[in-house]
Amino acid sequence: MGSTDIYKCIIIGSGPAGYTAAIYAARAALQPLLFQGVEPGGQLMTTTDVENYPGYPNGVKGPAMMDDFRKQAERMGTEMRLQHISRSDFGSHPLRVWTMEGEEFRAHSIIIATGASAKWLGLESEKRLHGSGVSACAVCDGYFFRGQEVAVVGGGDTACEEALYLSKLCPQVHMLIRSDRMRASQIMQQRVRNAPNIRIYWNTETVEVLGAQQVEGVRVRDKQNGRVYDIPVKGFFVAIGHTPNSEPFRPWVETDEQGYIKTQPGSTRTNIAGVFAAGDVQDKVYRQAVTAAASGCMAALDAERYLSAAGLH
Ligand code: NDP
């Protein structure tokens, strides 16, 4: 098939949600077309070891796991394209999307599984040591730092969750807040304050992540008195928010104020008939590979039911 045909199901995104949706859609004979984007594999391509995905008793490297997902989706008959979708028109049926190069594709159903991107501080040292002690996911990588001191940057609910998770594994968690207040909910702030091994640094800015091959510490600046000093840590967790990759669909699909696509409770349905959302683009709470995969499965089942009910499958 190609750009002149109407697909039964187009899947956008190639993380666990997209590939799982493809496996289910292909096995339901929806002959899905999956757009992998220009950097296929999603956030797992930047992780090292994944030890919390069931079925891999010895753990697996993130990129190797995504390669397995891709192969399985391909073997079931998914058509894949290494192209990025940058625009959509869900104002009428068939639904339409465009690649960055301007090629148009049409479908009766669309599954958006474009994920979310972690925000970073933008320091050169943070980039260089990413995967060598710098992480944006405590649940993914915290285990590798058990028994060692770590730092968490950020003062939102995510940062609090990360700090609390790490406080169970690490003797000391240093929480770096750039202002004199946290944005997190009161209950999360209270939990952080009650944790005996979380030390909060107010008005503290990260200047540099220290270390040649691995993180050895973090250099910070006290914004009130200008003092610059180092905190020795082995892990540096950035938890300053995520950006859901929903821009190409925002004119049509309802999102919350941060851009996460709204789905109807208990389903992957969006406000547009035939458009479904799965994975981190609609989930700011769990954000795990296994929960993304599960919602990809749900989206394919929802799409199949929608197409059957509409007499399109
Ligand atoms: P938020 O946007 O809520 O918080 C981001 C935090 O990072 C703020 O403290 C912000 O500081 C800080 N920050 C931003 N940029 C920088 C920077 N360059 N340097 C240092 N600090 C920085 O993001 P979250 O990911 O925490 O949460 C997103 C949404 O998801 C929220 O609505 C949250 O409630 C929700 N959520 C819910 C959970 C749950 O229900 N279990 C779990 C996790 C998140 P400042 O305040 O100064 O801007």
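Per-structure values
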| read-out | value |
| --- | --- |
| Criterion (among the β-branched types (Val, Ile, Thr), under 25 Å from TYR286 (Cα atoms) and in contact (Cβ under 8 Å) with a residue 40 or more places away in the chain) met by exactly one of THR263, THR206, THR255, THR268 | THR268 |
| Test: HIS93 is surrounded by 14 or more Cβ atoms within 10 Å (Cβ to Cβ) and within 21 Å of SER14 (Cβ to Cβ) | no |
| Conditions (1) at pLDDT 95 or above; (2) within 18 Å of the chain's Cα centre (by Cα); (3) farther than 22 Å from THR255 by Cα; number of the one not met by ALA138 | (1) |
| Subset of the range 4-53 (residues that are open to solvent by less than 20 Å² (accessible area, probe 1.4 Å) and on the phi > 0 side of the Ramachandran plot) | GLY13, GLY37, GLY41 |
| Count of the range 110-133 residues which are closer than 16 Å to LEU33 by Cα and out of contact with any Leu (no Cβ under 6 Å at 6 or more places or on another chain) | 4 |
| Unique residue being on the phi < 0 side of the Ramachandran plot, among the aromatic types (Phe, Trp, Tyr) and more than 16 Å from the ligand (Cβ to nearest atom) when the list is TYR260, TYR306, TYR286 | TYR306 |
| Selection status of MET80, open to solvent by less than 50 Å² (accessible area, probe 1.4 Å) and either aromatic (Phe, Trp, Tyr) or not in a strand (DSSP E or B) (or both) | no |
| Any pair with Cβ under 9 angstrom, 6 or more apart, that starts in the range 176-194 at a residue that is more than 21 Å from GLY235 (Cβ to Cβ) and ends at one that is more than 9 Å from the ligand (Cβ to nearest atom) and open to solvent by 100 Å² or more (accessible area, probe 1.4 Å) | ASP180/GLN224 |
| Selection count where residues are out of contact with any Ser or Thr (no Cβ under 8 Å at 6 or more places or on another chain), touching a residue at least 40 places away in the same chain (Cβ under 8 Å) and not small (Gly, Ala, Ser), scope the range 285-307 | 5 |
| Within the range 222-284, strands (runs of 3 or more DSSP E) holding 2 or more residues that are farther than 23 Å from VAL153 by Cα and open to solvent by less than 10 Å² (accessible area, probe 1.4 Å) | 275-277 |
| Odd one out for LYS223, checked against (1) under 18 Å from the mean Cα position of the chain (by Cα); (2) within 14 Å of the ligand (Cβ to nearest atom) | (1) |
| Those residues of the range 116-127 which are crowded, with 18+ Cβ neighbours inside 10 Å and under 13 Å from the mean Cα position of the chain (by Cα), in sequence order | ALA116, ALA118 |
| Criterion: at pLDDT 95 or above, surrounded by 18 or more Cβ atoms within 10 Å (Cβ to Cβ) and more than 30 Å from ARG269 (Cα to Cα) - qualifying residue of ALA113, ALA73, ALA151 | ALA151 |
| So THR158, is it buried (at least 19 other Cβ atoms within 10 Å of the Cβ) and farther than 28 Å from MET45 by Cα | no |
| Test: residue in the range 251-273 that is in contact with a helix residue (DSSP H, G or I) (Cβ under 7 Å, 6 or more places away or on another chain), over 18 Å from GLY37 (Cα atoms) and among the charged types (D, E, K, R) | yes |
| Residue identified as free of Cβ contacts under 8 Å to residues at least 40 places away in the same chain and either touching a helix residue (DSSP H, G or I) at 6+ places or on another chain (Cβ under 9 Å) or on the phi > 0 side of the Ramachandran plot (or both) among GLY122, GLY115, GLY133 | GLY122 |
| Qualifying positions in the range 164-217 - more than 23 Å from TYR143 (Cβ to Cβ), more than 10 Å from the ligand (Cβ to nearest atom) and part of a strand (DSSP E or B) | ILE200, TYR201, VAL207, GLU208 |
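The values are calculated or read from the model by the stated rules, or taken from the named source; none is laboratory data. Because the structure is a prediction, the values reported are computed rather than measured. Neighbour counts run over all protein chains shown; Cβ positions are idealised from the backbone, glycine included. Protein only, heavy atoms only, side chains kept; ligands, DNA and RNA dropped before computing areas. Shrake-Rupley method; radii C 1.70, N 1.55, O 1.52, S 1.80 Å.
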